[in-house]
Amino acid sequence: MQSVGEKRSGFKQVLGMRQVLAIAIAAISPTTSVFLVYGAGLSSAGTGVFWAFVIGACIAISMAFCYAELGAVFPGAGGAYTIVRRALGKPFGFITVLLFLVLGIVISASILVSSATYLNSLLPQVPVNWAALVMMVIVTWFSLERIGAASWVAMAMLIIELAVIFAFIMISFAGAKHPVSFLIHPATVDAHGHSVGIGMSAMLAAVVPALFAFNGYDWPLYFAEETVNAKKALPRAVMIAVLASVATEVLAVASATLAIPNLSAAVKSDAPLTYIAQSTMGHVGATILVIGVVIAMFDTGLSGNLAYARIYLDSARDQSWPSPINRFFSSMNRYNVPKWGFVFLAVGNILLCYFTSLNNLITFTGVIIVVIYLLVAISAIVIRFKHKSADKRFRMPLWPIPPVIAIIGVIVALTQQSNGDLVKTAVIIVVGVIYWFAYLRVKSSRVDSGQAETSSLG
């Protein structure tokens with residue numbers, strides 16, 4: 001017999017906790033995360049990048065408590081979208097899904113362009129944009145297969161990348177060039193190469209890239225309708241994923257920073273971790289590391305991609321779009337996955353893979369992610385008062401400290417971001433508000449009027 005979720009969407013419960021946990025850790029990908037954002041953090045915060053990751057870790061763990069509790073109350077393929085919609089109402093829910101719509105066609109491209117950039121460092125004859133495009137085609141092909149098969153592919157690649165990042169951590173610590181005080185007193189270099197101290201504002205500016213690095217621990221929630229005993233399994237998967245990623249990434253950032261041979265050269269380098277790896281591991285070791293990074297980033301692109309089409313499907317089931325678009329996003333293939341949602345993601349990401357550069361994507365996606373965090377953290381507070389009798393299989397400890405830490409943290413971090421990224425995100429929110437009042441609210445009123453008229457005639 002099918003469950004309610006299966007009747008509604010066509011999903012089948014085929015995943016265990018280990019599989020959704022593997023998808024989550026692969027989506028976070030400590031290897032990908034550190035190699036993707038360390039350079040941006042080092043350039044803005046110098047050795048203070050370590051403290052940016054520590055601050056980001058506190059926010060991430062606080063957010064994970066929110067996701068774990070709310071995911072147990074409102075399990076659904078929409079994950080954060082479902083949570084915000086049920087907790088804060090339909091307008092905020094639509095703003096959330098619109099942010100995810102943009103995020104879905106940006107984040108995979110940013111990761112795959114980075115993967116292709118590292119591949120190009122090994123094989124200069126391979127064009128970066130074309131390599132990223134081919135990777136996106138392969139990611140789409142895996143995404144359209146059975147979720148069980150895709151999860152096993154993600155798990156196999158995850159084993160490889162974890163071996164890579166732990167080897168990097170151990171070798172970097174063993175080859176440390178500086179004492180621990182190098183981390184305690186954050187510094188960077190000025191235009192003349194002289195060491196200068198780092199202020200709090202510079203470290204806070206690097207918190208959003210750090211949050212981008214930790215992002216993905218909520219991924220189990222998007223497979224709620226495909227997971228056996230979801231209300232019990234998903235909160236555990238969320239918490240294990242965030243703790244594993246925080247521990248690994250903070251250690252990786254600390255070891256890399258202590259192993260910097262020359263701070264001035266590292267800050268100026270386009271790939272500071274490659275520079276550090278070459279100095280500690282030699283050319284052959286660094287080459288093996290880069291191969292592992294390419295595999296890890298591809299795995300992240302695959303695991304991350306798996307969730308977005310499910311979010312779009314859930315929004316289509318809630319009739320969030322005009323009827324043709326609802327049918328488009330809710331269409332399932334023979335493997336019970338939302339086929340046209342993945343095609344949409346493929347087209348959007350392929351265009352970005354070909355026409356954009358990595359630096360144009362990371363900070364923008366980071367801002368979108370923390371705005372979604374803000375909505376979820378607020379939901380965690382609202383839901384305690386709005387649904388006091390809700391069945392909570394998981395209750396966060398020390399409530400309301402975790403959501404309060406998350407709200408304060410993301411607001412402070414947002415104040416340090418570039419005006420351009422904030423304006424772009426604000427435009428998305430304004431478009432969502434206009435769409436809600438101009439279309440969805442009117443549509444909802446018409447449906448309610450029609451139902452009331454039918455009831456009166458009956």
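Below are the figures for this structure:
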{"quantity": "Candidates L302, L221, L263 - the one that is crowded, with 24+ Cβ neighbours inside 10 Å, among the hydrophobic types (A, V, I, L, M, F, W, C) and more than 18 Å from L158 (Cβ to Cβ)", "calculated": "L221"}
{"quantity": "Count - residues of region 395-421 that are within 20 Å of the chain's Cα centre (by Cα), in contact (Cβ under 8 Å) with a residue 60 or more places away in the chain and not in a loop (DSSP other than H, G, I, E, B)", "calculated": "9"}
{"quantity": "Candidate set from region 1-36 (those that are assigned to a helix (DSSP H, G or I) and over 30 Å from V246 (Cβ atoms)); member that is modelled with the lowest pLDDT", "calculated": "V4"}
{"quantity": "Test: residue in region 217-224 that is under 27 Å from the mean Cα position of the chain (by Cα) and aliphatic (A, V, I, L, M)", "calculated": "yes"}
{"quantity": "From the options S151, S195, residue that is of a type in the set (S, T, N, Q) and either closer than 22 Å to S44 by Cβ or modelled with pLDDT of 85 or more (or both)", "calculated": "S195"}
{"quantity": "Residues satisfying the stated conditions in region 266-283, i.e. assigned to a helix (DSSP H, G or I) and among the aliphatic types (A, V, I, L, M)", "calculated": "A266, V267, L273, I276, A277, M281"}
{"quantity": "Check on L243, over 19 Å from A40 (Cβ atoms), more than 17 Å from the chain's Cα centre (by Cα) and part of a helix (DSSP H, G or I)", "calculated": "no"}
{"quantity": "Any hit, region 55-68, residues being crowded, with 24+ Cβ neighbours inside 10 Å, touching a residue at least 60 places away in the same chain (Cβ under 8 Å), on the phi < 0 side of the Ramachandran plot and touching a Ser or Thr at 6+ places or on another chain (Cβ under 7 Å)", "calculated": "no"}
{"quantity": "Single match in L133, L158, L123 (criterion: under 21 Å from H283 (Cβ atoms) and modelled with pLDDT under 90)", "calculated": "L123"}
{"quantity": "Criterion violated by N215 - all others in (1) among the polar types (S, T, N, Q); (2) without any contact (Cβ under 8 Å) to a residue 12 or more places away in the chain; (3) under 21 Å from S62 (Cα atoms) satisfied", "calculated": "(2)"}
{"quantity": "Region 144-173: number of residues that are assigned to a helix (DSSP H, G or I), crowded, with 17+ Cβ neighbours inside 10 Å, over 19 Å from the mean Cα position of the chain (by Cα) and not β-branched (V, I, T)", "calculated": "2"}
{"quantity": "Helices (runs of 4 or more DSSP H) contained in region 284-387 and holding at least 3 residues of a type in the set (S, T, Y)", "calculated": "362-386"}
{"quantity": "Positions within region 72-85 being modelled with pLDDT under 90 and in a helix (DSSP H, G or I), in sequence order", "calculated": "A72, V73"}
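The values are calculated or read from the model by the stated rules, or taken from the named source; none is laboratory data. In this text, all values refer to a predicted model and were calculated from it rather than measured experimentally. Methodologically, a virtual Cβ is constructed for each residue, glycine included, from the backbone with ideal geometry; neighbour enumeration extends over all protein chains shown.
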